Amino acid sequence: MDDARLEPEALDRALGERAGWSLAEDGTAITRDFRFADFREAFAFMSECALAAERLDHHPVWNNVYNRVGVSLTTHSSGGVSARDLALGEIMDKAAGRYGI
């Protein structure tokens with residue numbers, strides 16, 4: 001998978017196609033907050049996404065408080081957002097969809 005930093009136009013297009021995701025203030029990451037029914041759902045989501053991240057060898061910066069999971073995706077080697085971040089974001093969106101998110 002390509003780790004090259006996405007050009008601003010490509011990143012804007014990609015974010016326009018992904019509900020809930022936004023560009024971090026410094027422009028080096030995409031972020032999203034997920035809210036689940038309860039802690040069990042939030043933890044199940046994180047477990048599923050952790051396994052996917054391991055398969056991609058691309059790991060999120062995230063936090064969890066009860067039913068909320070905050071995610072930040074960036075490709076450190078490129079200093080910004082790459083196709084790898086978009087791929088993991090899509091996996092996370094699909095996983096959240098199983099919980100009606």
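What follows draws every value from the coordinates through simple rules; no lab data is involved. The structure presented is a predicted model; accordingly, all values stated were derived computationally and were not measured. For neighbour counting, all protein chains shown are included, and Cβ atoms are generated from backbone atoms with ideal geometry for every residue, glycine included.
Assorted remarks:
- Label-reachable residues, the stretch 20-50, where backbone N falls under 11 Å from a point 7 Å from residue 65's Cα toward its Cβ: none
- Length added when fully stretched, residue 55-residue 24, from 0.36 nm per residue minus Cα-Cα: 8.7 nm
- Sites residue 78 and residue 99 - FRET efficiency at Förster radius 35 Å, r taken between beta-carbons, to 0.05: 0.65
- Cα-Cα pairs of the chain separated by more than 24 Å (percent): 18
- By average C-beta atoms within 10 angstrom, highest first, the peptides 34-42, 11-19: 34-42, 11-19
- Proportion of all alpha-carbon pairs of the stretch 1-42 beyond 13 Å (%): 63
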